[in-house]
Amino acid sequence: MKLYYAPGACSLAPHIVLHEAGYTFDLEKVDIPNKKTASGADYWAINPKGYVPALQLDDGAVLTEVGVICQYLADHKPAAGLAPAMGSMARYQLMEWLNFVATEVHKSIGALFNPKMTPEMKEVQISVIGRRLGTLEKMLAGKQYLMGDGFSVADAYLYTVLNWSRIHKIDMGQWPNIQAFMTRVASRPKVQDAMREEGLLK
C-alpha cells in the first residue's frame, strides 16, 4: 500500500498508525498547491478532493479521510490494539473522539492556515480554539491517552493537529494535561519514525 502525504499535514496521523501497526508501505509526497506527486502524477486523478491523505491499497482502491483510513489500518492489524472491536461500545467512543478531533480541533486550528484571515478574525478563531482545548483539557484529566491507558488511532490524529499550535504560536501552557499528552505521544518510537520520514525530526 502507499500513503500520499504532505509533511506535517493531517496525513501524519495515518503515517503514525502505519508504523504503530507494523505495516510495510510506500510513501509518496504530494505538492498540495500544484496537485502533483513526487513522481509527477496528477494528484487530482488519485484523490479528486485534492487534499491529503490518500491511501492506495494493494488492489488499487483508494481511501481518503483521516478517520476512515486510520480505522481501516487498525481493523486490518487488530493485534496492534489501535482500535476496539467493531460494534463494541468502546469502538463508538473511539469514533466519538475521531469526530471531535476532526470537526472541533482539526477544523478550528486548521482555519488559521487561511492566508486571508485578518488579525480580528484570527483573534476570534483563537478564542474558539481555546474553548475546544479547554474541554479537551478536562477530558484528558487522569488519562494517559484519549481512551485511557492504551494508545489509539484517535491519539495519532489529535497529536498531529495539535502540533500545528507551534506553527501558529498558540501558548499551550494553560493546558497541562494536553501538554503532558503531547510529550507522551512524541516520545513514542513509532511516532518519531513517522516524523523523521517527513523531515519533522532529525
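The values are calculated or read from the model by the stated rules, or taken from the named source; none is laboratory data. Given the structure is predicted, the values throughout are model-derived calculations rather than measurements. Note that each Cβ is placed from the backbone with ideal geometry, even for glycine, and that neighbours are counted across all protein chains shown. Side chains included, ligands, DNA and RNA excluded: accessible areas come from the protein's heavy atoms. Shrake-Rupley method; radii C 1.70, N 1.55, O 1.52, S 1.80 Å.
I'd like to know how the stretch 40-104 sits against the 2.2 N^0.38 Å rule of thumb: what's its Cα Rg over that expected value? Walk me through the intermediate numbers first.
Details: Rg = 13.8 Å, N = 65, 2.2 N^0.38 = 10.7 Å.
Rounded to two decimals, the normalised Rg is 1.29.
What translational diffusion coefficient, in µm²/s and rounded to a whole number, does the Stokes-Einstein relation yield for the stretch 64-184 at 4 °C and a viscosity of 1.567 mPa s, taking the hydrodynamic radius as the Kirkwood radius over Cα pairs? Please report the intermediate quantities before stating the final value.
On the way: Rh = 15.1 Å.
D, rounded to a whole number, is 86 µm²/s.
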Item to complete: State the percentage of accessible surface on the chain attributable to carbon and sulfur atoms; use a 1.4 Å probe and exclude ligands, DNA and RNA.
Response: 55 percent
Worksheet entry | Karplus (6.51, -1.76, 1.60) ³J(HN,Hα), θ = phi - 60°, over the stretch 190-198, in Hz, Gly and Pro reported as x | 6, 5, 5, 4, 5, 5, 5, 5, 9
Discussion item. Could you tell me the center-to-center distance, by alpha carbons, between the stretch 122-191 and the stretch 8-47 in angstrom?
Written reply: 23 Å
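Return the calculated 222 nm mean residue ellipticity for the chain, to the nearest 500 deg cm²/dmol, obtained by summing -39500 (n - 2.57) across DSSP H runs with n ≥ 4 and dividing by the residue count. Walk me through the numbers before you get to the answer.
Numbers: 10 runs with 95 residues, N = 202.
Calculated at 222 nm, the ellipticity per residue is -13500 deg cm²/dmol.
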Worksheet item: What is the stretch 79-140 by shape, rounded, prolate or oblate, if you read a ≥ b ≥ c off the alpha carbon gyration tensor as root eigenvalues and call it rounded for a/c under 1.5, prolate for a/b larger than b/c, and oblate otherwise?
Response: prolate
Practice prompt. Would you indicate which of (i) 8, 35, 37, 17, 2; (ii) 9, 38, 36, 15, 2, 0; (iii) 9, 31, 30, 16, 7, 5, 2, 0, 0 is the value of P(r) over Cα pairs in 10 Å bins from 0, in percent derived from the coordinates of this structure?
Written response: (i)
Discussion item. As a test question: what accessible area, to the nearest 10 Å², does I126 have when a 1.4 Å probe is rolled over all protein chains in place?
Written reply: 60 Å²
Worksheet item: What accessible surface, in Å², does a 1.4 Å probe find on H76, ignoring ligands, DNA and RNA and rounding to the nearest 10?
Response: 110 Å²
Worksheet item: Simple spin-label model, 7 Å along Cα-to-Cβ: E123 to K143 in nm?
Response: 3.3 nm
Worksheet item: Using just the C-alpha positions of the stretch 11-72 as equal point scatterers, what log10 of I(q)/I(0) does the Debye formula give at each q in 0.14, 0.16, 0.21 1/Å?
Response: -0.38, -0.50, -0.86
Fill in: Long-range HN-HN contacts of A54 with modeled amide H, under 5 Å
Y4
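In Å², what does the accessible area per residue of the chain work out to with a 1.4 Å probe?
Values: 10050 Å² over 202 residues.
Averaged over the residues of the chain, the accessible area is 50 Å².
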Discussion item. My understanding is that a pair violates if its Cα-Cα distance is over 26 Å; which of K29/K190; K138/K169; K107/K202; K2/K190 do that in this structure?
Written reply: K107/K202
Worksheet item: Under a plain spin-label model, where a point goes 7 Å from the Cα along Cα-to-Cβ, how far apart in nm are L57 and N177?
Response: 3.7 nm
Worksheet item: Per-residue HN-Hα couplings for the stretch 123-137, Karplus 6.51 cos²θ - 1.76 cosθ + 1.60 at θ = phi - 60°, whole Hz, x for Gly and Pro?
Response: 4, 5, 5, 4, 5, 4, 4, x, 5, 5, 5, x, 5, 4, 4
